[in-house]
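Colleague: Please find one structure pasted underneath; my questions will follow.
The values are calculated or read from the model by the stated rules, or taken from the named source; none is laboratory data. All figures in this text were calculated on a predicted structure; none of them were measured in a lab. Using ideal geometry, Cβ is built from the backbone for each residue, glycine included, and neighbour counts are taken over all protein chains shown.
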Amino acid sequence: MAKYDPEEEKRMADASEFYLKTPGAKKHQVAKQFRVPLRKWKARLDGRPAQNTKGGHNKLLTDEQELALRQFIDFLIYLGHKADQRAIRAAVNKILDHTGSTHLATRLWASR
């Protein structure tokens, strides 16, 4: 998969705007004119968002919980303790238990 290209996304937005304002325009001609991949641009026209706007699949914690975990790790380091995977997993499982979640942070989750 190609990396996110903000210039290409801008060209796709410009192509979409041009296409919607120009009745009778052919999609393949507009894509060629604005130098955008036809299939990707057609997907944007159909409402499919860019890949970089999608969230990750490994979302065990909310953003607030993740922030609390990072602050806890900083605190452990400040105290001179190791912030190893076991300590992080234990802290995450405490957070999840406190919030009533049935999920658990596994060894694989901690190594992400």
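Colleague: Would you mind stating whether Leu69 is over 26 Å from His103 (Cβ atoms), touching a residue at least 24 places away in the same chain (Cβ under 8 Å) and not small (Gly, Ala, Ser)?
Modeller: It is false that Leu69 is over 26 Å from His103 (Cβ atoms), touching a residue at least 24 places away in the same chain (Cβ under 8 Å) and not small (Gly, Ala, Ser).
Colleague: Also: Filter the range 1-25 for residues that are part of a helix (DSSP H, G or I) and farther than 14 Å from Leu45 by Cα and give the result.
Modeller: Pro6, Glu7, Glu8
Colleague: Just to be sure, is Ala90 surrounded by fewer than 15 Cβ atoms within 10 Å (Cβ to Cβ), within 30 Å of Lys10 (Cα to Cα) and at pLDDT 90 or above?
Modeller: no
Colleague: Condition check: touching a residue at least 40 places away in the same chain (Cβ under 8 Å), farther than 30 Å from Glu9 by Cα, in contact with a Lys or Arg (Cβ under 6 Å, 6 or more places away or on another chain) and not acidic (Asp, Glu). Does Ala105 satisfy that?
Modeller: Spelling it out, Ala105 is indeed touching a residue at least 40 places away in the same chain (Cβ under 8 Å), farther than 30 Å from Glu9 by Cα, in contact with a Lys or Arg (Cβ under 6 Å, 6 or more places away or on another chain) and not acidic (Asp, Glu).
Colleague: In addition: Looking at this structure, is Leu76 over 22 Å from the mean Cα position of the chain (by Cα), exposed (fewer than 15 other Cβ atoms within 10 Å of the Cβ) and of a type outside the set (Ser, Thr, Tyr)?
Modeller: The answer is no for Leu76.
Colleague: Here's another thing I want to ask about it. Can you name every residue in the range 16-67 that is touching a Leu at 6+ places or on another chain (Cβ under 8 Å), farther than 26 Å from Ala105 by Cβ and surrounded by 15 or more Cβ atoms within 10 Å (Cβ to Cβ)?
Modeller: Hits for the range 16-67 are Ser16, Tyr19, Ala31.
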